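The next block holds one structure in the form of structure tokens; read it before the comments.
Derivation of every value follows stated rules applied to the coordinates shown; laboratory data play no part. What you see is a predicted model; the values in this text were computed from it and never measured. Using ideal geometry, Cβ is built from the backbone for each residue, glycine included, and neighbour counts are taken over all protein chains shown.
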Amino acid sequence: MSKEQDFPLWEIFIQSKRGLDHKHVGSLHAADAQMAIENARDVYTRRNEGNSIWAVLAENLHASKPEDQGAFFDPADDKVYRHPTFYVMPKEAKYI
Amino acid sequence: MAESKEEALFQEKVDAEQKIEPKDWMPADYRKNLIRQISQHGHSEIVGMLPEGNWITRAPSLRRKTVLLAKVQDEAGHGLYLYSAAETLGIGRDELNDQLLTGKAKYSSIFNYPTITWADMGAVGWLVDGAAIMNQVMLCRTSYGPYARPMVRICKEESFHQRQGYEIMNVLSHGSPEQKAMAQDALDRWWWPSLMMFGPSDADSPHSAQSMKWKIKRQSNDELRQIFIDRTVQQAEVLGLQIPDPELKWNEETQHYDWGTINWDEFFNVIKGNGPCNKERLTARQKAHADGAWVREAALAYAGKKAKKKAA
Ligand SMILES: [Fe+2]
Ligand SMILES: [Fe+2]
């Protein structure tokens, strides 16, 4: 088989409804951004799953490393005072 | 073989029902197994478009044609979801393509059977998609995240595939005697190959035990096949059609149907490339890929030109 150049890989994010977050749905190959968005429409929104599409070149996406997941996220581990349930409220107080 | 510390941690995660993600450490064989399984699954979706594509231009009404077109388009989407899931494990799309086009990769043997009458569109949707759904519902809980997530999407889309097939069977089997005979003939030809879709019996399935331990698979081939039979018999009764198995009988004790024996020689023979349509399917894919080469080249050239203009 002759070796041909691959289309670059794009990561696709879809917003299902106005006001919601764009969510990662998968990836696809396309020659350019326009083709990525048009193909994403055909691949990921055949049943009105979205009204907005983001396409990001996969090589431009950077991720945290799973191997140092523990150390990386542990500054948040012992800070219970960041949660409302940490505080003692008098029973009589309402709407707080 | 002693387990490494990494391997033990990996298994712990799997046992705790935590999904494995692309950048996580995983045993080399887990990766290899998954690449094989996901790519075969993807190839099956792609090749699976051919037997039904055969009837798009000859569908008996505009409604049926629209539906069939939408179904085949869904299968193309499924192929793409699966290819991109396989790619997260480090294999390239070009390599996946090559493996299919050179005949190195396998796909579900069911697609090497011909679709010779319109009733085959009914039987394929009802039985082939029905069997595929059973497998895919299980895979929604597979341990590899990028494989599990598209399965959820696929299962949502598949449910219309099976229903449109059953609808065709229902109309034909309650139509004229000729139509009913056509539906029965399709069931006769698709029944056994559909049961083969679940793969060899557990005892003869080389990857099964390891796949279960890694929770790639969650139910055994035989287990899924039995559930499929139990459900389908009742559906055939509603159609007034006979399942082509003289040994099929309800078993009060097990609360399952007893049934006959699969011709595994036929199964392995089709897998080896000697089914009625193996050659035709492969040739069709090779031709489609070759005929599309100029489009891919043009798209890349156009993208390059646009990028240059933007930079200038
Ligand atoms: Fe599918
Ligand atoms: Fe399907």
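Close amide H contacts of A:Ser52 (hydrogens built in the peptide plane, cut-off under 5 Å, sequence separation of 5 or more or a different chain): A:Gln15. Once both axes come from the Cα atoms, what is the angle between helix A:33-44 and the longest principal axis of chain A, in degrees from 0 to 90, rounded to 10? Compared with the principal axis, the helix lies near 70 degrees. Taking Cβ atoms as reference points and 9 Å as the exclusive limit, the residues near B:Ile46 contribute a net charge of -1, counting Lys and Arg as +1 and Asp and Glu as -1. Using a cut-off of 23 Å between alpha-carbon atoms, which lysines can reach B:Lys5, once sequence neighbours fewer than 8 places away in the same chain are excluded? Within the straight-line limit of under 23 Å, B:Lys5 reaches these lysines: A:Lys65, B:Lys13, B:Lys19, B:Lys23, B:Lys32, B:Lys213, B:Lys215. Segment A:Lys23..A:Val56, full-extension length gain: 10.6 nm, with 0.36 nm per residue of separation and the alpha-carbon distance subtracted.
Taken about its Cα centre, the protein assembly as shown carries a charge dipole of roughly 1780 debye when the Cβ of each Lys and Arg holds +1 and the Cβ of each Asp and Glu holds -1.
Between B:Ile262 and B:Lys305, the simple label model (points 7 Å from Cα in the Cβ direction) yields a spacing of 5.3 nm.
Restricting the calculation to alpha carbons of the protein assembly as shown gives Rg and Dmax of 24.5, 81 angstrom. Helical content of chain B, expressed as a calculated mean residue ellipticity at 222 nm, amounts to -21000 deg cm²/dmol (DSSP H runs of 4 or more residues, -39,500 (n - 2.57) each, divided by residue number, nearest 500). Between B:Ile91 and any residue 5 or more places off or on another chain, the built amide H atoms are never under 5 Å apart. Rounded to the nearest whole Hz, the Karplus-based 3J(HN,Hα) values (6.51 cos²θ - 1.76 cosθ + 1.60, θ = phi - 60°) of the stretch B:70-87 follow the sequence 5, 5, 5, 5, 4, 4, 4, x, 4, x, 5, 4, 6, 4, 6, 5, 4, 5, with x at glycine and proline. Centre-to-centre, using Cα atoms only, the stretch B:37-114 and the stretch B:136-186 are separated by 15 Å.
Taking Cβ atoms as reference points and 10 Å as the exclusive limit, the residues near B:Leu224 contribute a net charge of +1, counting Lys and Arg as +1 and Asp and Glu as -1.
Each Lys or Arg adds one and each Asp or Glu subtracts one; over the other residues with Cβ under 10 Å from the Cβ of B:Trp126, this totals -1. Only lysines eight or more places from B:Lys305 in sequence, or on another chain, were considered; those with a Cα closer than 23 Å are A:Lys3.
Sites count as exposed loop sites when they are chymotrypsin sites (Phe, Trp or Tyr not before Pro), lie in a DSSP loop, and have at most 15 other Cβ atoms within 10 angstrom; the longest stretch of chain A without one is A:1-86. What the phi angles of the stretch B:245-250 give under the Karplus curve with 6.51, -1.76 and 1.60, with θ = phi - 60°, is a coupling list of 9, x, 8, 5, 7, 5 Hz, glycine and proline written as x. Residues within the reach of a label modelled at B:His289 (point 7 angstrom out along Cα to beta-carbon, backbone nitrogen below 19 Å), restricted to the stretch B:264-282, are B:272-274, B:277-282.
Bins of 10 Å, beginning at zero and ending with the bin holding the largest distance: percent of Cα pairs per bin for chain B, please. That works out to 5, 24, 32, 23, 11, 3, 1, 0, in percent per bin.
Projecting the Cα atoms of A:His29, B:Ile229, B:Ala183 onto the dipole axis of the protein assembly as shown, where Lys and Arg carry +1 and Asp and Glu carry -1 at the beta carbon, places A:His29 farthest toward the positive end. Karplus-based coupling profile of the stretch B:93-102, in residue order and whole Hz: 4, 4, 5, 4, 4, 4, 4, 6, 6, 8, with θ = phi - 60° in 6.51 cos²θ - 1.76 cosθ + 1.60 and x standing for Gly or Pro. With R₀ fixed at 22 Å, the C-beta to C-beta distance from B:Asp98 to B:Gln73 puts the FRET efficiency at about 0.35. Sorting A:18-28, B:57-67 by their mean Cβ neighbour count within 10 Å, with the most densely packed peptide first, gives A:18-28, B:57-67. The stretch between B:Thr57 and B:Thr254 holds 66.3 nm of extra length on full extension. This uses 0.36 nm per residue minus the Cα-Cα distance.
Normalised Debye scattering of the stretch A:4-86 at q = 0.11, 0.24, 0.25 Å⁻¹ gives log10 I(q)/I(0) of -0.48, -1.05, -1.10, counting only Cα atoms as equal scatterers and leaving out solvent.
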